[in-house]
Amino acid sequence: MSFELNRRLVARRPALATSTTIDAVTASIVNGAFETICFEVATHLGRAASSAIINQSNERNASLIDANGRLAAVSVGIPQLLFVSPLAVRWGLENFVEDDWGPGDVFVGNDPDYGGGHLPDYTVYAPLFDEHGELVLIQALQAHQGDTGGKDPGGFSIDSRDIFGEGLGIPVLKLVHRGKPRRDAIDLLIRNNRFPSFAGDIAAMISAVQAGVRSLQVLLTRYGVETVKAAVNYNIDQTNARFRQAVAQWPDGEYPAHVWIDQDTAGNPDVHVQVTCRISGDQLTVDMTGSDSRPELVNVWNTFANTRGYAIAQLASMVDPDINKNEGLFYAVEMIIPEGSILQPAPNKPAALGSFHPAVEVGEAICIALSPILPQRSAPQVYKLGMPSAVIGFNEAGEMWMDQGVDVRASDASATQGLDGWGAMCAGLGNLILATAEDAESRFPVLNLSREMTTDTGGAGRWRGQPGTRNIKQVLEPVSAMTWMVSRKHPLRGLNGGDDAPPYCNIFLLGTDEEFEVENAVNAQLPAGAITSYQYGGGAGFEDPLLRDPTAVQEDVLDEYVSIAAARERYGVVLTGSLDDWNVAIDVDKTAQLRGARLAARAAGGAR
Amino acid sequence: MNYRIGIDIGGTFTDFALLKGQELILHKNLSTPQDRSLGVIHGLEHLAKAEGKTLAHLLSDVDAIIHGTTVADNTLIEMNGACTGLLTTAGFRDELELRRGYKEDIWDVRLPPPTPIIPRRRRLGVPERIRFDGSVHTPLDEAAARKAIQRLAKQGVESVAIATLFSFVNPAHELRLAELVAEEIPGAYISLSHQVLPKSPEFERISTTAVNGYVGPRVTAYINRLCERLQDAGYRHQLLLMQSNGGVMTREYLAGSPIRVLASGPAGGVIGSAAIGAAKGASDLLCVDMGGTSYDVSVIRGGAAPAQSGWNWHHRYLVATPMVQVETLGAGGGSICSAASGRLQVGPASAGAAPGPICYGLGGTLPTVTDAILVLGLLSDDAGFAGGSFRLDRTGVDAALQAHVAGPLNCSVEEAAFDCWRVVNANMTQAVRRLTAEKGCNPEDLTLLAYGGNGPVFAAIQAQDLGIRRVLVPRTSPGFSATGALAAQPCIDEERSYIVCGTQADITRLRQFWEELDSRAEHFLLAAGFSRADIHCRYQLNLRYPGQNWSLTADAAAQSGARDLSFADETLIATMMNRFHQLHFDEYGHDRKGEPPEITGVRLVASTEIPMPHFTGGLTAERRTATPAKQRRANLGQGFCATDIYRGADLVPGHHVPGPAIIEEKFTTIVVYPGWNALPG
């Protein structure tokens, strides 16, 4: 539990020892089998788990790690989190002998100071041994738990000053020994969780990795241990090489970017993430030196493993999507993450909320830094919402219920060159399946009143961001509601001359005398009938809005993504007619005049 | 002599299967894309002639025509459906666009959005709200509704999808909106979500209703035209249409939700497979259909291909009606092979039917799977392939493989072809494993049934890859969907949402749901000419543990004949909860007996039986080694060597063809890999 441990955990691991060589086709076949097994494991968990965050929102990620602790393959899931498991598993591997690893074992870890993500993200993993008893692979599965037994229900706490307030930290714990579940250990976890359904989640996680190990065993038998090892080595090298080939095409140079978070949960303002991407030949260095390290900051401490994961996830979105996702990405990218900063905190810092911010700002800053040279693949893979508004109440039996607020919404779906933002979120969150009103209302005393996109809430640009939704929800019983707001002062940044996304805005007690906008973090008691209104920020724009095809602007007006007023104001497109009369048309001459005048004013030094 | 006719219309060919007593007569002619019903009539005329009858005479002797149509699929492929509008609850107009956040590729920031079938300008919210218990929270604002409908009218909307929240509990607002639409846009095609898919949650229902609105007018017009033509030609019964749930139903039933014919083509093949499997004593099957552009996989367990409703994406839209689960993979014979950066890729790009593989000689220039297996000698470029009408041509194949695969991989053309073959196998194996993973079953326990033009080329090697020991290839392999349609039974499969903790479930309510579902099914099946005595009902519940998102379906009762709900007594719920615990243990390896599961839906599967072909024949104990017609140099996975080639027509039951060998049938080739034996049945 120290920076020294972090350095040890990330130290470059060697290839698996094997003298077998392998051809490209066999290696890719083995890789396909790996990915499929990970998919099977994740699917198993999704079907059997009890918590909505896992079984509905798909916040579960399966990965394969080799005997040296290297990431061998991943499945679908949430990209940022797919890259997190290796460090937690490496801590387990450090204790291989003391913890008496053997076939049929299953472990769990969640401790950010021992290679983990934040506490709610449990990494459950199971080793696979060959016939000689040698460790070959480890099936890992990471999933977000609905509670972690901390002082506040739900795994998040807006005012915890250390990790102990957030819940139970587990560096490593054996859950199954040689195939036999350890009742004592599993009971400890169940006891430290407020949700009765957690027992089902942990059972499902264990049975899922066990199923993965069985499938891997079959694979070993079919291809032979040495071939499988050679495939792991080959695929990692291949990814490293392909990523480097991409970097070699990028112009050498230093590309800096700064991103700010409005404030921490205690109100300390302008939390700063700084990234400098350095390109020299085929070597990319992501240097985070300069990022905030004020010791008084509360709750904006990202875990070390998550900082690495978020950086790699953004970079993976900026190269050919076809490159296999594995340890080769970590080989190819050098990361400098200052010790003691919010991106690699000192031990015992609270970590739950840090996995939202500054975690996503790491990716955002990398995207901003590289956007001038990679315009076609610069879409920030982020969620800028602070945290979802979680609503917590108790039923007649005294059991806690929680509407996690991961509702259907549009937020942060940004444009990139040649492509408007679309859908609900960035591509990377395309497997986070959002919760529905009909399901929520059948379970919880809430009413979803509205969640449409709001006109003019996408960043304007030659390619525009998708507007954000305004989610209005009424609670029908007294509840406590917890949230944290960012992106009001520092919204998602427009790229290459595009407009920023409009700010987020979250109003509690809408329409009453007590109505207020949440300016920072709040844990409020709401009476029955209270209404909250959450305007999500839309996506950011890309390149100058004055360059957008006027016909596209007209189409946007017809679809009410953009108003007639904003068409003129932000795009310099003059439209006549009205939506009511359904006769909106472009005034070509006036549009040319207005755009010409704007460009001239800008050239003369005027603001756009 | 009375007949039954199965008809399947594909992109290129329309396939016919005429059942005459126990005899099955196949026919194939070109499809007529402008008006597909014409191709049907042409084919029927051909069949009549072969029977020595006039078309009218033949049709008057036909008991049933069973038809699988791809009109809905084609509408979504070509994106030329109706100008459609959506009316929904105010505040929810964007569900279709937000897709619950789903994107098909989490790594590709350049993935474009789907083509909008209903752009935002034609998705309008109407003030109204019904709660989960059916109570009205906000009454329908009729003035606002009329205004919204008028706005749709101004845009030339011809089809209106109406989908409001909790309409499946209380449809009053949807019904009233339908009246208003009929007043404001006379003749508009109207889809009501509580009829198309009466269940939660809203995205799934709205999307399904929207797609129904988009394809409905074309599908309905086509079916009506076909019915008219058949009637005019002398057919006297109801046309039975294949549904994606694997059952067939009448035009009258499908009128409310024609979306149920989407993806029904592959479903026909799966149902036919189940029938063949049953005849051959194999009730657990892996069905693979490899045609020109795609490779479809599905699983049959216990003789049944259960349809699942829910997360079914087709052409980038979610259609949540029950569908036989068919996974489509871009690896048909036309899939293009290319290598870059040390990686060999097969598909999803496809040369399709036109220009097709290079060896078809129709202008294709990129190497495809078919070209690769020609190089391997698995296919023949001799005259006489495909029954003499079509000959493969190797000209240009080697050069293209050299340029696109062998060169980049630094290997020979034959090695490149072999690598393509390996990658196809691996892709198929992965697809199968994903499908079986979702179903929780082990491929080793299945029998592989292969059809489609290319399915039998890969079947045995793929079986070997998956640990499967037995492969079935139907003689009707290339035009199997038409035969499959003959095996499909009339079936109505519906569900009503009812979310309640098991311990609090109201048995009276359950009975009401089943009664309603049963009355509906009875109405349509009686109208289709069946008697109550022939109706078989499976009453089911969907259950899950508290918090779970995925339900498992458990049978409450199965019975034939007069309705008898006496099984639904006070003890039923406890019985069902126990069944669910067991089902969950079987599926996921653990249960949570301490927790009472919740009920999420009430289901009824009502079906009847109609005569189907007897897929008999079967294996005989006697084995005689058949004589190969010739030998050819081919690589069946163990390097090139002289390989025995058999003519399918020469083989009869009792013959025994040891691998390595190749059997050439009309329109298809069966590869008998080393270690395998082929037994004609």
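Conditions: (1) outside any strand (DSSP E or B); (2) more than 7 Å from chain B (Cβ to nearest Cβ); (3) not aromatic (F, W, Y). A:E40 meets all but one. Number of the miss? Single failed check for A:E40: (2). Taking every residue in the range A:208-229 that is modelled with pLDDT under 95 and pairing it with any residue that is among the small types (G, A, S) and in a helix (DSSP H, G or I), at least 6 positions away or on another chain, the pairs with Cβ-Cβ distances below 6 Å are A:L219/A:A33. Does B:E142 fit the bill of being more than 9 Å from every other protein chain (Cβ to nearest Cβ), touching a Lys or Arg at 6+ places or on another chain (Cβ under 8 Å) and acidic (D, E)? When the stated conditions are applied, B:E142 passes them. Taking (1) within 8 Å of chain B (Cβ to nearest Cβ); (2) of a type in the set (D, E, K, R); (3) surrounded by fewer than 22 Cβ atoms within 10 Å (Cβ to Cβ) in turn, A:R451 satisfies each apart from (3). Total residues in the range A:391-439 satisfying the condition of being more than 22 Å from A:M318 (Cα to Cα), assigned to a loop (DSSP other than H, G, I, E, B) and more than 8 Å from chain B (Cβ to nearest Cβ): the figure is 8.
So that you can scan it fast, the table gives a plain yes or no per residue for (1) assigned to a helix (DSSP H, G or I); (2) touching a strand residue (DSSP E or B) at 6+ places or on another chain (Cβ under 6 Å); (3) without any contact (Cβ under 8 Å) to a residue 12 or more places away in the chain:
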position: B:M576; (1), (2), (3): yes, yes, no
position: B:G601; (1), (2), (3): no, yes, no
position: B:P613; (1), (2), (3): no, yes, no
position: B:T643; (1), (2), (3): no, yes, no
position: B:P674; (1), (2), (3): no, no, no
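Whenever a residue of the range A:17-32 is surrounded by fewer than 16 Cβ atoms within 10 Å (Cβ to Cβ), its partners that are charged (D, E, K, R), lying with C-beta atoms within less than 8 angstrom and at least six residues away or across chains, give the pairs A:A17/A:K229; A:S19/A:E226; A:T20/A:E226; A:T20/A:K229.
Every residue, every condition in (1) within 12 Å of another protein chain (Cβ to nearest Cβ); (2) crowded, with 21+ Cβ neighbours inside 10 Å, yes or no:
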site	(1), (2)
B:Y545	yes, yes
B:Q548	yes, yes
B:A558	no, no
B:F585	yes, no
B:I599	yes, yes
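Residue check: B:A320 meets all listed conditions (1) of a type in the set (G, A, S); (2) over 25 Å from B:T429 (Cα atoms); (3) at pLDDT below 90 but one, namely (3). Does at least one position in the range B:68-82 carry a residue that is closer than 27 Å to B:S167 by Cα, modelled with pLDDT of 95 or more and of a type outside the set (S, T, Y)? For the range B:68-82, residues closer than 27 Å to B:S167 by Cα, modelled with pLDDT of 95 or more and of a type outside the set (S, T, Y): present. When we screen B:L262, B:L241, B:L226, B:L285 for residues that are buried (at least 24 other Cβ atoms within 10 Å of the Cβ), under 26 Å from B:I461 (Cβ atoms) and modelled with pLDDT of 90 or more, the only hit is B:L285. One residue stands out among those in the range A:493-507 that are touching a residue at least 60 places away in the same chain (Cβ under 8 Å) and assigned to a loop (DSSP other than H, G, I, E, B): the one that is surrounded by the most Cβ atoms within 10 Å (Cβ to Cβ), which is A:A501. Any idea which of B:I25, B:I9 is outside the structural domain of B:V160 (by TED's automatic domain parsing), more than 30 Å from B:D141 (Cβ to Cβ) and touching a Ser or Thr at 6+ places or on another chain (Cβ under 6 Å)? Unique residue meeting the criteria: B:I9.
Exactly one residue among B:R538, B:R509, B:R475, B:R532 is at pLDDT below 85, surrounded by fewer than 22 Cβ atoms within 10 Å (Cβ to Cβ) and farther than 30 Å from A:D201 by Cβ, and that residue is B:R475. Scan the range B:16-36 for residues that are at pLDDT below 85 and surrounded by 15 or more Cβ atoms within 10 Å (Cβ to Cβ) and the total you get is 8. Inside the range A:163-218, residues that are assigned to a loop (DSSP other than H, G, I, E, B), more than 14 Å from chain B (Cβ to nearest Cβ) and touching a Pro at 6+ places or on another chain (Cβ under 6 Å) make up a count of 1.
Taken together, B:E158, B:E128, B:E179, B:E142 contain a single residue that is charged (D, E, K, R), buried (at least 22 other Cβ atoms within 10 Å of the Cβ) and either modelled with pLDDT of 95 or more or within 27 Å of A:S563 (Cβ to Cβ) (or both), which is B:E128.
Looking at the structure I just gave you, is A:F129 touching a strand residue (DSSP E or B) at 6+ places or on another chain (Cβ under 7 Å) and crowded, with 24+ Cβ neighbours inside 10 Å? No, not satisfied. Checking B:S257, B:S298 one by one, the residue that is crowded, with 21+ Cβ neighbours inside 10 Å and within 11 Å of the chain's Cα centre (by Cα) is B:S298 and no other.
Note on the range B:350-388: among residues that are of a type in the set (G, A, S) and touching a Lys or Arg at 6+ places or on another chain (Cβ under 9 Å), the one that is modelled with the highest pLDDT is B:G377.
The lone criterion from (1) farther than 30 Å from A:R47 by Cβ; (2) at the interface with another protein chain (Cβ under 9 Å from one of its Cβ atoms) left unmet by A:D456 is number (2). Among all positions in the range B:535-554, there is no residue which is assigned to a helix (DSSP H, G or I) and either out of contact with any His (no Cβ under 6 Å at 6 or more places or on another chain) or in the same structural domain as B:I507 (by TED's automatic domain parsing) (or both). Count of the range B:397-420 residues, restricted to those that are more than 10 Å from every other protein chain (Cβ to nearest Cβ) and within 33 Å of the chain's Cα centre (by Cα), is 1. Note on the range B:19-92: enclosed strands (runs of 3 or more DSSP E) holding 2 or more residues that are within 30 Å of A:L449 (Cα to Cα) are B:84-89. Within the range A:79-114, the set of residues being β-branched (V, I, T) and either in a strand (DSSP E or B) or buried (at least 24 other Cβ atoms within 10 Å of the Cβ) (or both) comprises A:V84, A:V89, A:V106, A:V108. Scanning the range A:374-389 for residues that are under 19 Å from A:S160 (Cβ atoms), touching a Gly at 6+ places or on another chain (Cβ under 7 Å) and outside the structural domain of A:G115 (by TED's automatic domain parsing) turns up at least one hit. If you go through the range A:333-389 and pick out every residue that is within 14 Å of another protein chain (Cβ to nearest Cβ) and under 24 Å from A:Y114 (Cα atoms), you end up with 1.
Which condition number in (1) crowded, with 19+ Cβ neighbours inside 10 Å; (2) away from every other protein chain (no Cβ under 14 Å); (3) of a type in the set (D, E, K, R) is the one that A:R278 fails? Condition not satisfied by A:R278: (1).
Just wondering, is there one or more residues in the range A:480-492 that are within 25 Å of the chain's Cα centre (by Cα), buried (at least 20 other Cβ atoms within 10 Å of the Cβ) and within 14 Å of chain B (Cβ to nearest Cβ)? No, there is no match, as no residue in the range A:480-492 is within 25 Å of the chain's Cα centre (by Cα), buried (at least 20 other Cβ atoms within 10 Å of the Cβ) and within 14 Å of chain B (Cβ to nearest Cβ).
The values are calculated or read from the model by the stated rules, or taken from the named source; none is laboratory data. None of the values given here were measured: they were computed from a predicted structure. Glycine gets a Cβ as well: all are built from the backbone with ideal geometry, and neighbour counts include every protein chain shown.
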